[in-house]
Ligand SMILES: [Zn+2]
């Protein structure tokens, strides 16, 4: 079973939040991404215990007929597909006249609307690739502090107290996966997209970001160099200089994919490394060299 890799957009926000002040809107969006991801990790943790014959796909961004849709989790069994919209909501919520509110009266997007849109698009996509498996869809609430008042009995909700029982049922009927199932899973992974029009990319410039090496444990930009070891002044964590440089380069690439990777660029980004020679070595060992002498860059 696969693990949920951190979405690149969330990693980007992780890095960015240490290097600049996020706006209130960005911060809210970042926290939502973080909570959503934690919810998915939690759900997948439970799925790991399932011993049935099934295929699990997570975080699928798909497109059908120019409409993009995001699937948090999909379980493929021989005769059925389970579709899950995972919510990590905390606190008291209620349903009223088809609308979803957080108490006292803050309206949030009704996850049932999200679920039916996703299911409908998924169904059409599956038909287009000749798959007629039945889809059963659920909204899963993973957070134990979550309560939903006024829930109609026939809602496709799974509450924290019902999760184990639900997964037991899925597990029991998950038998005899076929090659058609496996091909379907491979096909969906093949169709997976990277960028969604709903992603809110933060706006930032190289110049405004705090430079320096972030600590690999506490993530603060508080690393100094002691001989050839990077030492974090905040938490005391130690890391060999070359691996800290490589980590910083990857962080830089995620934040600035369009910028050219050069020794001088990485030197400016890392700030605390005084040896350009050390930086050049890390670049040479891990990337391909293009050009010569002062025009060298790495890809
Ligand atoms: Zn630290």
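Taken together, the values in this text are just the output of simple stated rules run on the coordinates, not laboratory data. As the structure is a prediction and not an experimental result, all values here were calculated from the model. Cβ sites come from the backbone with ideal geometry, for glycine too, and all protein chains shown count toward neighbours.
Taking the beta-carbon count within 10 Å as an exposure proxy, list 299, 223, 282 from fewest neighbours to most.
Values: 299 8, 223 27, 282 22.
Arranged by neighbour count, lowest to highest, 299, 223, 282 become 299, 282, 223.
Per residue, how big is the convex hull around the C-alpha atoms of region 46-113? Give it to me in cubic angstrom, could you?
Working: hull volume 9.6 nm³, N = 68.
For region 46-113, the hull spanned by Cα atoms encloses 141 Å³ per residue.
Normalise the Cα radius of gyration of region 8-191 by 2.2 N^0.38 Å (N = residues in it) and let me know the number. Let's see the in-between values first.
On the way: Rg = 17.5 Å, N = 184, 2.2 N^0.38 = 16.0 Å.
With N residues counted in region 8-191, Rg over 2.2 N^0.38 Å equals 1.09.
Restricting to Cα pairs below 8 Å that are 6+ residues apart, what does the relative contact order work out to for the chain? Please round to a whole percent.
Worked out over the chain, it gives 16 percent.
Arranged by the count of other C-beta atoms within 10 angstrom, fewest first, what order do 146, 13 take?
Numbers: 146 16, 13 22.
Taking fewest neighbouring Cβ atoms as first place, the list is 146, 13.
If you look at just the Cα atoms of region 240-284, how large are its Rg and its Dmax in Å?
Here Rg and the maximum Cα pair distance are 9.4, 28 Å.
In degrees, nearest 10, range 0 to 90: what is the angle between the Cα axis of helix 8-19 and the longest Cα principal axis of the chain?
50
Would you mind ranking 147, 178 by Cβ crowding within 10 Å, fewest neighbours first?
On the way: 147 17, 178 11.
With the fewest neighbours first, 147, 178 line up as 178, 147.
Report the label-to-label distance for residue 113 and residue 155 in nanometres (one decimal), using points 7 Å from each Cα along the Cα→Cβ vector.
Computed distance between label sites residue 113 and residue 155 equals 1.5 nm.
Once the Cβ-Cβ distance between residue 129 and residue 192 is put in as r, and R0 is 22 Å, what FRET efficiency do you end up with, to the nearest 0.05? Display every interim value, and only then the final one.
On the way: r = 14 Å, r/R0 = 0.62.
Working from the Cβ atoms, E equals 0.95.
Could I have the simple spin-label model distance between residue 46 and residue 235, label points 7 Å from Cα toward Cβ, reported in nm to one decimal?
2.9
Tilt of helix 179-191 relative to the longest C-alpha principal axis of the chain, in degrees (0 to 90, nearest 10)?
Helix 179-191 sits roughly 50 degrees off the main axis of the chain.
What Kirkwood hydrodynamic radius, in Å, does region 175-271 give when the mean of 1/r is taken over all pairs of distinct Cα atoms and then inverted? All intermediate terms of the calculation are to be shown ahead of the outcome.
Values: mean 1/r = 0.0605 Å⁻¹.
Roughly 16.5 Å, rounded to one decimal.
In whole percent, what relative contact order does region 160-270 give with Cα contacts below 8 Å and a gap of six or more residues?
Working: 71 pairs, mean separation 18.1, N = 111.
For region 160-270, the relative contact order is 16 percent.
Over all directions, the average projected area of the alpha-carbon convex hull for region 223-298 comes to how many nm²?
5.0
On a C-alpha basis, how far is the centre of region 52-76 from the centre of region 223-276 in Å? Whole number, if you could?
37
If I take R0 = 22 Å and measure r between the Cβ atoms of residue 292 and residue 268 in this structure, what FRET efficiency does the formula 1/(1 + (r/R0)^6) give, to the nearest 0.05? Show your work: numbers first, answer last.
Working: r = 21 Å, r/R0 = 0.97.
E(calc), rounded to 0.05, equals 0.55.
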